[in-house]
Structures are given as structure tokens and as C-alpha cells.
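First the structure, in the form of C-alpha cells, and then the observations on it.
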């Protein structure tokens, strides 16, 4: 086996998205890279897995220390297929993104990018998700390069605690304006539901989901605050959703 | 406004699943019930939301203190549409399920049933998800009745702490064998990826996801332990995924 680390890269915007192309170019120098990413945009798929129809893999390219596949499934499907079928082992590291759009605050709950990262962490693989605070397909990923490389270097050299992965969000500003990297916690916030109500040519109603992000906390130690103040935010993330703080109160009732 | 509470019921197995029909029958006596549930099974959709195609609602029935709709979206979509379009206000309570299959341990991460519950909690609505530990469409929901009613009574009379919802799992045994209701935390466990590799008539490979649940912890205060020992497990759940325990260690590095 090569001493180079084996690295899986995936995303939720699809294998052709500029964000994953940027991430691939930043990470290839670090090791042997395998890309398994959705064949089309999968934003908002969260941690969905595909059980009702079969999955397919398409081999796109094979170069020295580099292989690329697309898959008709979700980001979580991509990770599972990569581990079991493509690599036939767990990679040493998993990096996901760079997402077109923030995954700070409550966005993590809806994020396919971060679902892939959680899949990695669940399998014991040190895993990091990167997101740029711009939904534009033409977003400028240039300023993210040095921060992504710095975090990748840090994680490859020191690993991550068992069961912990990282949610990294990058402000959409020029590199001179970025204030540095800061460790934070997930900000309190929510998407308030909203819909465009329309009528089809047959007179039947249909609805387009839209939504308004509502911040419910703005503490200085949160990712949302950091992003708004031009810091690259790093939140350590776990998959235990137990509300330990409510345990005592509820113990009297159950 | 009637003094009866306004209650939203949803699920992820679809509006016709026996589990939601059982839940509706248990809960109707408690208030004015509105059902907005997926028009087909949506297991494994997790917290997916539909942004790439429009949503539709179908009005199924309208009786005294009871309305029922189906929706072509995910469980999270159903909740958002129910709040904004169907009810035009937040309900007083949200109950989801009864899911055909356990949502104990790591299953919560993949669960549409629990995503609906988290949507409720995010909107400040006291919300509970119920799941039976049997994937069978012919599962016997009878034994769950008294436990569901007891928990619903408890939550309607006392509410839930802000930002906390409940993940309730019910063992699939006869009512005499159920040991009672117990408050627990989420067990450590993971689904190990596995696939059936097949070939279609054109010689192209495809893969069916299967998987093996691997328990990585078996403490007596966890939901998985409770379920295996015939207790109804109640886990308080939050949507802050910050790994606070890793903060100190990582602060030296970021």
C-alpha cells in the first residue's frame, strides 16, 4: 500500500459543480483521491438514502492517484457505495463540498454535503465538509483555497476525535477580507416555511418552497456570527441528538 | 377558537400506512386533528426538502374536527405545507408515525418520521415521533395504543421544553410483555454499508442497498437497550449537533 493517504471526495451539488472541482484541485496533492459524487444536484436531500430503487455507478476517469465516479443516488449513498464497492475499504479521510451555499446554523440539518460527512464519521473516517456562503453557480472559490488547504493539512496530520466531524463554512469575500479560521458552535436559527402558490394550466394548485432564514441567537461563539464577520467557521459535529440538558426535567415525567 | 388543541399528524410511510391510521385513531379524541402525510412511502428520506420540483396537496377528507391531506413531498415538506398552507398557523402539537420500523439509535439520522418531528420542534411546536420495532406492513399496532395515549396525554398537559422533541420507540411484543415507559439517551450504533451487486439485461451493473446494524454501545440507559428489553423508550432530541465535548481539544488546533 502506498504511504499516501486514501481520500474520498464527494458533495451534494453534483460531480460537475464548480465547488467540487475546486475542492478536487486543492486536495489532489495530499494523496490518492477517489471522487464518488451525485450525477446531478442533490441539494436539500439531507441524510436521505436510496432503498426503493437500485443505484448505479459511472466510471468517469482514472489517472495516476486519481479516480472519479458519478452515482445516481444521494450523497449518503455515494459514501456507502464508495466504501463498499469502489474502494472496498474505508478511506483514510473524507472531504465533502465545496458546497454552493452556507451550511452554518440549522442548514446542517438539510444538508447533503454534511450528511456525507456524518456518514464518514459514523464509519470512523475523519471527515470534513466545506461550504461557501454563496448559492451562485458562478461563485468565486479562489479565496477558499488557502483555508481549505490549511484545514485539510491539520486534519491529515492530527486526525479527529472518534465520532466527531467538522462543518466548515467560508465567507464569500475576497481573501484579504477573511479574518482567519475560528472554532465555534452551531448557531440557533430556523428556516421559516414559505411557499409560492401557483396554478397549472389545468387549474390545479401547486407550491414552490421558498423560505426565510430566521436567526434566533447571535452569540459571538457561533458559526453564523463568525461567517457574518468574515471568519471561516469550524464547528465540531456529532450524531448523538440526545438533548442531555432536558433529561433531568423530563425524568420526573417519564 | 375552540378550546380543543389543534394537532398535526404526519409520517413517512405514507398516508395509507397502517401505522398512521392507528395513530390517527388514538389521537382524534384529544383535539382537532389535521393529517398532512406523504402520498407514498418516504422511508429513508431523512430531512430532505423538495426544492427542485413543485409540491401538491390533495384533500382527502373533511369531517367534524378532522381533515386529511396527502402531499407529493417528503415528511419535512408535509409539515411546512401544513403550517403555512393548510392550517395557516402553527398547530399546538405535532405527532408523527407510527413508523413501521425502529428509529432508535442511529436510525434517527435517516428517519423521515423524526425529520417531521424536528421540523415541528424548530417551529416551536411540541412534537413527538412514534415508531414500532417492526418493519412489517402487517405489524400489530394494538399493543402500542395505551403507551401512545399515555405519552400524548403527558405532552398535551405539560408541553415540552423549548427546542426539545421526543423520539419514542415501542417494542413489537404483546401488551403484557411491555415493561413500561423509560426515558433514555440515543444508543451508539451504525448501519454498516452493504450492497447486492446485480446485472441488468443489458449487462450493466446495479446495486441494491442493504445494511447491517452494528451496535457500538449497549449501556442500560440507551434506547436500543430499552427496546431490546421490552421497554417503550423515550429520548429527548435536539437539533444542535455541536460536539461540545470535543471543543476544548480542538481549540488548540483552530
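Each value in this text was obtained by applying a stated rule to the coordinates, not by laboratory testing. From a predicted model like this one, the values you see are computed outputs, not experimental measurements. When we count neighbours, we look across all protein chains shown, and the Cβ atoms used for this are built from the backbone with ideal geometry, even at glycine.
Observations on the structure shown:
- Of interest is the spacing of the C-alpha centroids, which for segment B:133-156 and segment A:145-196 amounts to 41 Å.
- Listed from fewest to most Cβ neighbours within 10 Å, the set B:136, A:105 follows the order B:136, A:105.
- Whether segment B:1-69 is rounded, prolate or oblate, judged on the alpha carbon gyration tensor where a/c under 1.5 counts as rounded: prolate
- Note on B:207-219: average number of Cβ atoms from other chains within 10 Å of each residue's Cβ is 3.
- Spatially, segment B:214-235 and segment A:24-39 are offset by 39 Å when compared through their Cα centroids.
- When the Cα atoms of segment B:142-217 are aligned to their principal axes, the ranges along those axes come out at 60, 32, 26 Å in descending order.
- Counted over the protein assembly as shown, the DSSP beta bridges are approximately 45% antiparallel.
- Exercise: per-residue mean of other protein chain Cβ atoms within 10 Å, B:187-197: 5
- Exposure proxy shown here: for A:78, A:71, the number of other Cβ atoms within 10 Å sets the order, fewest to most, as A:71, A:78.
- Beta bridges from DSSP with both residues in segment B:1-132: antiparallel share about 25 percent, rounded to the nearest 5.
- Rounded to 5, percent antiparallel among DSSP beta bridges of chain B: 45 percent
- Computed over segment A:157-254, relative contact order equals 39 percent, with contacts defined as Cα pairs under 8 Å that lie 6+ residues apart.
- Computed per residue of the protein assembly as shown from DSSP H runs no shorter than four, each worth -39500 (n - 2.57), the mean residue ellipticity at 222 nm is -6000 deg cm²/dmol.
- Relative contact order, percent, chain A [alpha-carbon distance under 8 Å, six or more residues apart]: 17 percent
- If you bin all the Cα-Cα distances of chain B at 10 Å, starting from zero, the percentages per bin are 7, 30, 34, 19, 8, 2, 0.
- Pairs of alpha carbons in the protein assembly as shown separated by more than 31 Å make up 43% of all such pairs.
- Fewest neighbouring Cβ atoms within 10 Å first, the residues A:114, B:87, A:209, A:179 line up as A:179, B:87, A:209, A:114.
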